[in-house]
Amino acid sequence: MEAGQVKRLKGICTVTDDERREVSRLLEIDRLQTYFFSAAGVVKAVDGISFDINQGETIAIVGESGCGKSVSALSILRLVADPPGRIIGGSIRFQNRDLLKLSDEEIREVRGKDIAMVFQEPMTSLNPVLTIGRQLTETMEQHRDMSHDQAVARAIELLGMVGISDPERRLRQYPHHFSGGMRQRVMIAMALCCEPKLIIADEPTTALDVTVQAQILELMKNLTRRMGVALIIITHNLGIVARYADRVNVMYAGKIIESAPAHDIYHRPRHPYTLALLRSVPRMDQPRRARLDPVQGQPPDLSRLGAGCSFQPRCGFAVARCASESPPLERVDGGDHLAACWEANTVARSLTRSS
Amino acid sequence: MTPIEPTGAARQSAQAAVRVSPVAQDVALEHRRQSERRVHLAPELVTIRDLKMHFPVTEGALFSRQVAQVRAVDGISFTIRKGETLGLVGESGCGKTTTGRCILRLERPTAGEILFDGKNLVDLDQKSMRALRQKIQVIFQDPYSSLNPRMKIGEIISEPMMVHRTEPNKAARDARVMELLRLCGLDPRFADRYPHEMSGGQRQRVGIARALSVRPEFIICDEAISALDVSIQAQIINLLEDLREQFGLTYLFIAHDLSVVRHLCHRVAVMYLGKIVELADCDELYGNPLHPYTQALLGAVPVPDPDMEKARAYRIVKGEVPSPMNPPRGCVFHPRCPLAIDSCAKNVPELRELRPGHWVACSVI
């Protein structure tokens, strides 16, 4: 019922927005549910999330470990291992096709060609016994009917684009010859090789050092902008997406609890969890504080969620209603800002008071 | 297994945190600054002089010969005063963890001195070193691999007390385990649980309780919060601060997260390829970074504010950290340095005190 409400609200939004955006909608996820069936019970890793991406847009999915952000991404490409996982509801419409209804053959055509993925750990996602060149050309020969020579020429061009020097020689090398940052550049080149419409980057810089992290993010942003590719960045760090995301979705315990344009998420959060995330980190741009305000308690166990709001046990704004009724993701403040909290107005008032 | 819910106190402090007033923050900050000034007068607890740790790289299985060496730590010197927290920052492979392991004598340094309370740890034999380890404890990065999965939490925390025979009697040990669990914000009932029943943040609290069990003076925190979720990191940072205050602990805080180091540390040393390139008081280093590498590091830290991010000029340092097996000649940073001049490729810059207490190894500045 709550996802239905979102749908309706989105309808209102798109009417007021310019029509071009409606036309250029690339991916629409509606009430997606991915559950894991384990001996200990059913884990609702993704529990009814809905969001859209337009062509060329960059969105972020932010959340802590176990909130379902990676499972959402894997669900888009139907890469969730079954068993134990299964997509039990919802729809994923990509260019007006429901990815969940495609045959295995058809979804394989989509993977890598229309939607590509960049994973967190570039060492485990590259094959250690194949050369970089083989791994890059394989996809192109598979998906784009290129001859081997054409694919090699394109691979050299791509490696140059992602900033790898001496690409002809590097093509003949193996992943272990590359450093972490260089491997991640190779992953980006692989993602770009079939000119996809959408790239999903799952924690693309978590394993990298700070100076390299900045290089990789800047590279991804520039390349996607130049090629008009939409980008989903999945991360646990609100800081890294501030520069890049047009829109931010915050996830907690399998649900999107707040979704807004980047500026609103950072300056006018309406969900207590988003606010707590922003407040709990020490910030370089602000004077040092004597103490941090942590989020108390532990993240919830997804196989044992109660009826109410899953953040309620840790929430400083919680009222009696929060324990029994789960709040729907609703429009707040007018405009394009959605939050799932009964007390969103109290959060807003507390912000105006403290500033 | 019944879940252990957050206690009433945790709920209340969550509510209090929302309402913490700016005035209270100012008072607390002033208190903090005062304690930081006191630290400057405290006696030195740890002194490192020209520490070197070179690892041999060998080839051949039967008649192995040394073909190269990795200069993980290459001549660093610093001191830590009693009650002080020194931050050691740098990117992976810069030697910060090796420095910590040398102090714990998990490695035997190639050269140099490590003075703890006036005693040189490098010369000590196994037996006297074991006795000293009671005073020097460590908190590791990964709370998953640093706790033995087959031991109960109570056993994990009491093991150091048995090794060092600080609490010979079992009842006293059990009582101390309860006390430590409570001190670290855990329910004492966790003593009978196994590590897999706990979340990452809870496990890290166990790691801290274990380090505290033998009443150490000096704790090396090696990336102690890096593996934790953002919302949990702040809890652990506050816990480390409270414990420092309560027991007068001295920390060596090894980390790569510069904003956390700024919050927690009194002084900060920046390492690059086995050398210290800059060392200064926390506010001085962050307010007035002099070494080009420090500037690059600070410039790369993202700020959670889209307006500020879009407005600021992004100067990304090019390239990556070279291999410590074959470090560049001269200044190790010169191939990536925006200020490098010809002489940087030849001369190794010395650490010079450019402002009071602010040491920089750069010949251009």
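The values are calculated or read from the model by the stated rules, or taken from the named source; none is laboratory data. Everything numeric here is computed off the predicted structure, so don't read it as measured data. Here Cβ is always computed from backbone atoms with ideal geometry, including for glycine, and neighbour counts include all displayed protein chains.
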A:L338: passes all of (1) in contact with a Leu (Cβ under 8 Å, 6 or more places away or on another chain); (2) away from chain B (no Cβ under 14 Å); (3) at pLDDT below 90 but (3)
For helices (runs of 4 or more DSSP H) lying entirely in segment A:197-314, having 3 or more residues that are under 30 Å from B:V321 (Cα atoms) and without any contact (Cβ under 8 Å) to a residue 24 or more places away in the chain picks out A:210-227
Per the filter on segment B:225-247, residues more than 9 Å from chain A (Cβ to nearest Cβ) and among the small types (G, A, S) are B:S226, B:A227
Within segment B:294-331, restricting to residues that are under 30 Å from B:R37 (Cβ atoms) and more than 9 Å from every other protein chain (Cβ to nearest Cβ), the one that is surrounded by the most Cβ atoms within 10 Å (Cβ to Cβ) is B:T294
Contact list, first residue from segment B:177-203 and at positive phi, second anywhere and surrounded by fewer than 21 Cβ atoms within 10 Å (Cβ to Cβ), beta-carbon distance below 7 Å, six or more apart or interchain, is B:G185/B:L239
Of the listed residues (B:V332, B:V364), the one being in a loop (DSSP other than H, G, I, E, B) and farther than 28 Å from A:M182 by Cα is B:V364
Point to revise | Residue match in segment A:278-289 (condition: of a type in the set (S, T, N, Q) and either more than 11 Å from chain B (Cβ to nearest Cβ) or touching an Asp or Glu at 6+ places or on another chain (Cβ under 7 Å) (or both)) | key: yes
Within segment B:4-28, restricting to residues that are loosely packed, with under 15 Cβ neighbours inside 10 Å and modelled with pLDDT of 50 or more, the one that is nearest to the other protein chains (Cβ to nearest Cβ) is B:A28
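Residues to consider are A:V250, A:V241, A:V212; find the one that is modelled with pLDDT under 85 and crowded, with 24+ Cβ neighbours inside 10 Å.
Only one candidate qualifies: A:V212.
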A careful count of residues in segment B:252-263 that are within 12 Å of another protein chain (Cβ to nearest Cβ) and out of contact with any Lys or Arg (no Cβ under 9 Å at 6 or more places or on another chain) gives 4
(1) more than 7 Å from every other protein chain (Cβ to nearest Cβ); (2) in contact with a Gly (Cβ under 9 Å, 6 or more places away or on another chain) all hold for A:V212 apart from (1)
Taking segment A:221-246 and keeping residues under 14 Å from the mean Cα position of the chain (by Cα) and either more than 14 Å from every other protein chain (Cβ to nearest Cβ) or farther than 24 Å from A:Q286 by Cα (or both) leaves A:A230, A:L231, A:I232, A:I233, A:I234
Listed by first then second residue, the pairs whose first member lies in segment A:132-148 and is closer than 16 Å to A:E109 by Cβ, whose partner is surrounded by fewer than 15 Cβ atoms within 10 Å (Cβ to Cβ), with beta carbons under 7 Å and at least 6 positions apart or on separate chains, are A:E141/A:H148
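What helices (runs of 4 or more DSSP H), lying completely within segment B:148-215, carry at least 2 residues that are farther than 28 Å from B:S231 by Cβ?
Here the list reads B:153-163, B:170-183.
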In segment A:187-211, anything closer than 28 Å to B:L228 by Cα and within 20 Å of the chain's Cα centre (by Cα) is listed as A:M187, A:I188, A:I199, A:I200, A:A201, A:D202, A:E203, A:P204, A:T205, A:T206, A:A207, A:L208
